Structure formats: C-alpha cells, structure tokens
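Peer 1: Below are the structure tokens for one structure; questions will follow.
The values are calculated or read from the model by the stated rules, or taken from the named source; none is laboratory data. The model shown is predicted, which means the values in this text are computed figures rather than measured ones. Cβ coordinates were reconstructed from backbone atoms using ideal geometry, including for glycine residues, and neighbour counts include every protein chain displayed.
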Amino acid sequence: MVFDFGSIDQWISADVVGRRREVQEIVAALAAGRDLVLEGPPGTSKSTLLRAIVRASGVPFLMVEGSADLTPAKLIGYHNPAATLAHGYRPENFQPGPLTEAMQRGALLYIEEFNRVPDDTLNVLLGPLAERALVVPRVGVVRAAPDFRLVAAMNPFDNVGTLRVSQSILDRLCRLAIGYQSEEEERAIVRLRTGSANTWLVDAAVALARATREHPEVRMGSSVRGAIDLVLVAERLAPLRGVDLALADNAAKDVVLDAALLALSGRMVLVETAERPPEAIVRELWENLFYFLPRAARGHYVLDILNSVVAPPRARRRRPPRGPVVMPVRPDAERVSYPKPARTGCVPGAG
Ligand SMILES: Nc1ncnc2c1ncn2[C@@H]1O[C@H](COP(=O)(O)OP(=O)(O)OP(=O)(O)O)[C@@H](O)[C@H]1O
Ligand SMILES: [Mg+2]
C-alpha cells in the first residue's frame, strides 16, 4: 500500500478539520503493513478520517457495521444454498463476505463498533491478521493480497451492548486513541457541516455540547454531532417562530434552548446517581451560558462557558427544589422566572 502524503494532505484538508497528526499516524501504520484499531468516544471523526484517507489514496474500501448479529458466515461468506443443493459445494457457489473479498482484492476492511462483534466472529480475524490467510471450509485457504488491511473502530466508554475485545486480537493491532477536538476546531467542524454563517449560534452550539461533557451528572456528553444538529434545528425553528437568530436576543436564545433540548438531551448518558432527566441538565447549561456569565460578559457573545458550566454555588443553593424556578440575574435587577415569561423585556441587559 503506497501513500502519497502530499496529495493525501491536500485532499483531507478539504474534508477534515484538524487531525493532521492522526492522519499521518494512520497512514504510516497502513503503509507499514500494519492493521489498527481507532479507539475514542462517538463522533470523534474516526469514520470521517478513514473515509477521507481512503478517498484521497484510492485504496479499495469495504465497510462493515459491527453488531451482535455479525456472524462468522456474514464476515467470511457462505455457499449459495440453492446452487449448493442443485450442484453441491463448488467454488463458484461461494458468495464471499467482506473479509474474504477484502483479502482477495487487497482492500481496506473497516469494521465499525468493533467491540459489539461477538467473540466467535472476532476469532475469525486471528488468521487474517497474523498469517494473512483464512481457511474457508469447502473453499480452501484464502491468501490476502499484499494491500489487505484491517482498520477497526470502537468506543471504549459505551458499555451498553459492548464486549471486551480479547487480548489475542488486540495484540495483533496497533491502536490510536482519539479524543475530542479543541473548541476552535469543533466550531470549524460545525461551520463546515452546517454551512451556517451565524457565528453566535455556532459558538453557542459548540459551547453547550462541550459543556455536557463536563457536567458532574453526565457520564458521557454529546459529541460535535449534537452541536451540528443544534445549529441545523435552530436555523429551521427560528423562521417558524418568526425569530431572527442574528439578533441574539431573548427570543433567539429561546430557540437555542428548544433546539438544544432536541439535539443534546438524547445524546447524554447520565451518571447512575443523577436525579434529574437530561433535559433539566440541558436547560441548566443553557441558563449558565446565557444568564450566569460574569456581568462584564453579559450582552456579548462570550462563550467561555466551560469555566462557568456549573451555576455559582450561591445561586444553586437559593434555587427552590420544586415549582417555578426563580433565578436572580443580578442582585439589583428584576428576577427572571422559568417557565419562561413573555418574550419581551424579561432579562434586562441580556441579548
Ligand atoms: N475533524 C472533523 N472534520 C470534519 N468533520 C468532522 C470531524 N470530526 C467529526 N466530524 C463530523 O462529525 C460527525 C461525526 O463524525 P464521525 O462519524 O467521523 O465520528 P465517529 O468517530 O466515526 O463516531 P462513531 O464512533 O459514533 O462512529 C460527522 O458528521 C463528521 O462529518
Ligand atoms: Mg464511525
């Protein structure tokens, strides 16, 4: 497998924000004849990176979605039952699965959700990874073409339906850990994927998605996918409500809240001790973003909210446990109450 780093970089920069170091490492591992596993939380660009590398390099590519239903036969292939009944086991009756096909064609086989694949199916990979050969019953030995590579992707934090991948498989793979990108890069991703020119909205969406990852009651927060969806939903919701998002006024912030509830609440996995539903946490983060910023920042689009994700302790203590929540905006100002009051003039100075 020969890669032209220069042209890959050129191609990839059009479709992938940042991640140059990771691209180089993946390309180097593949060029060195190694197979590898990409490990990171959902939405951290594992598939995007690999697709971009494949597109840029022109390597044949086969993709398999890992699941509990991925049987060895689905990966290796099977004899066509009707043809086998009529003519017996013949090589021409064999329908190769993605693994066999990738080995024969010298393609890159990408298996997503690797740790959802059952053990007996993963064990099928031992031969191809170590010996570059696979024994297929009634077909014989399939030898891998020199360019055959396997890239797996898995999410280490997702314990629902995932299995521990055996050490005998992991020992045959290089591993690249992939984390969340910087706030600046996530903003660029959201701009790229949504085409939105509304800086205020993009910045707010990224700030809210990132804040879900830092919240003490959240085990796993939203990926950049949540921020992308938030922007797309908000931009369609605003005209339905006759709101101009560009004004960044209270009505626009209300649109952001409803879009955030839609885009983020289902993407958060709460800690087991959490006593509130995810939408209450999204609402809290939204309040922090727009109403609990330091006074000096109010009225500006300062979105450095990671430092003020959790409401100041005094404000939290004063919040009554039930019923409409009354939140002080500043000691000498009117109070803002939720559920939301009429849109006009509810928050002096905000927006
Ligand atoms: N660095 C990036 N450049 C451009 N787009 C990105 C980047 N990172 C993520 N995205 C976008 O975010 C979304 C999620 O990315 P992707 O599907 O690559 O994540 P993943 O790591 O494969 O997630 P999963 O583990 O859930 O399969 C996609 O819409 C993708 O386009
Ligand atoms: Mg993926």
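Peer 1: Does Ala86 satisfy the criteria of being touching a Gly at 6+ places or on another chain (Cβ under 9 Å) and surrounded by fewer than 17 Cβ atoms within 10 Å (Cβ to Cβ)?
Peer 2: On the way: touching a Gly at 6+ places or on another chain (Cβ under 9 Å): no; surrounded by fewer than 17 Cβ atoms within 10 Å (Cβ to Cβ): yes.
No; evaluated as a whole, the condition is false for this residue.
Peer 1: Just the residues that are within 16 Å of ligand 1 (Cβ to nearest atom) and assigned to a helix (DSSP H, G or I), please, taken from segment 112-138.
Peer 2: Passing the criteria: Phe114, Asn115, Arg116.
Peer 1: Also, I was wondering about something else. Can you work out which of the residues in segment 10-32 that are β-branched (Val, Ile, Thr) and closer than 26 Å to Leu264 by Cα is nearest to ligand 2 (Cβ to nearest atom)?
Peer 2: Here the answer is Val16.
Peer 1: Would segment 180-188 turn up any residue that is of a type in the set (Ser, Thr, Tyr) and in contact with a Pro (Cβ under 9 Å, 6 or more places away or on another chain)?
Peer 2: yes
Peer 1: State all residues of segment 33-77 that are part of a loop (DSSP other than H, G, I, E, B), more than 25 Å from Arg219 (Cβ to Cβ) and within 16 Å of ligand 2 (Cβ to nearest atom); if no residue qualifies, say none. Break it down into steps so the answer makes sense when it comes.
Peer 2: Step one: of segment 33-77, the residues part of a loop (DSSP other than H, G, I, E, B) are 33-35, 40-45, 58-60, 66-71.
Within this subset, residues satisfying the condition of being more than 25 Å from Arg219 (Cβ to Cβ) are 33-35, 58-60, 69-71.
If the condition is that a residue be part of a loop (DSSP other than H, G, I, E, B), more than 25 Å from Arg219 (Cβ to Cβ) and within 16 Å of ligand 2 (Cβ to nearest atom), then Leu70 is the only one that fits.
Peer 1: Scanning for something in a helix (DSSP H, G or I) and either buried (at least 16 other Cβ atoms within 10 Å of the Cβ) or modelled with pLDDT of 50 or more (or both), does segment 269-279 turn up at least one residue?
Peer 2: Yes; the residues of segment 269-279 include at least one that is in a helix (DSSP H, G or I) and either buried (at least 16 other Cβ atoms within 10 Å of the Cβ) or modelled with pLDDT of 50 or more (or both).
Peer 1: So, in segment 162-182, exactly how many residues are within 14 Å of ligand 1 (Cβ to nearest atom) and more than 15 Å from the chain's Cα centre (by Cα)?
Peer 2: 2
Peer 1: If I filter segment 227-268 down to residues being assigned to a loop (DSSP other than H, G, I, E, B) and surrounded by fewer than 19 Cβ atoms within 10 Å (Cβ to Cβ), which single residue comes out as farthest from the chain's Cα centre (by Cα)? It would help to see each step written out before you state the result.
Peer 2: Initially, segment 227-268 is screened for residues assigned to a loop (DSSP other than H, G, I, E, B), giving 241-244, 248-249, 268.
Keeping just the survivors that are surrounded by fewer than 19 Cβ atoms within 10 Å (Cβ to Cβ) gives 241-242, 244, 249.
On the way: Arg241: 30, Gly242: 32, Asp244: 30, Asp249: 30 Å.
The qualifying residue farthest from the chain's Cα centre (by Cα) is Gly242.
Peer 1: In addition: Only one of Ala107, Ala102, Ala177 is at pLDDT 90 or above, of a type in the set (A, V, I, L, M) and exposed (fewer than 13 other Cβ atoms within 10 Å of the Cβ). Can you tell me which?
Peer 2: Ala177
Peer 1: Checking the condition without any contact (Cβ under 8 Å) to a residue 60 or more places away in the chain, assigned to a helix (DSSP H, G or I) and more than 16 Å from ligand 2 (Cβ to nearest atom), which residue from Ala209, Ala145 passes?
Peer 2: On inspection, the qualifying residue turns out to be Ala209.
Peer 1: Sticking with this one: Which ones in segment 68-106 are under 37 Å from the mean Cα position of the chain (by Cα) and on the phi > 0 side of the Ramachandran plot?
Peer 2: Once the filter is applied, which keeps residues that are under 37 Å from the mean Cα position of the chain (by Cα) and on the phi > 0 side of the Ramachandran plot, segment 68-106 yields Gly77, Gly106.
Peer 1: Moving on to the next point. Tell me, yes or no, whether segment 8-29 has at least one residue that is within 12 Å of ligand 1 (Cβ to nearest atom), loosely packed, with under 14 Cβ neighbours inside 10 Å, hydrophobic (A, V, I, L, M, F, W, C) and in the same structural domain as Arg138 (by TED's automatic domain parsing).
Peer 2: Yes, segment 8-29 contains a residue that is within 12 Å of ligand 1 (Cβ to nearest atom), loosely packed, with under 14 Cβ neighbours inside 10 Å, hydrophobic (A, V, I, L, M, F, W, C) and in the same structural domain as Arg138 (by TED's automatic domain parsing).
Peer 1: Could you list, in sequence order, the residues of segment 30-54 that are touching a residue at least 12 places away in the same chain (Cβ under 8 Å) and more than 13 Å from ligand 1 (Cβ to nearest atom)?
Peer 2: Answer for segment 30-54, where residues must be touching a residue at least 12 places away in the same chain (Cβ under 8 Å) and more than 13 Å from ligand 1 (Cβ to nearest atom): Leu30, Ala31, Gly33, Arg34, Asp35, Leu36.
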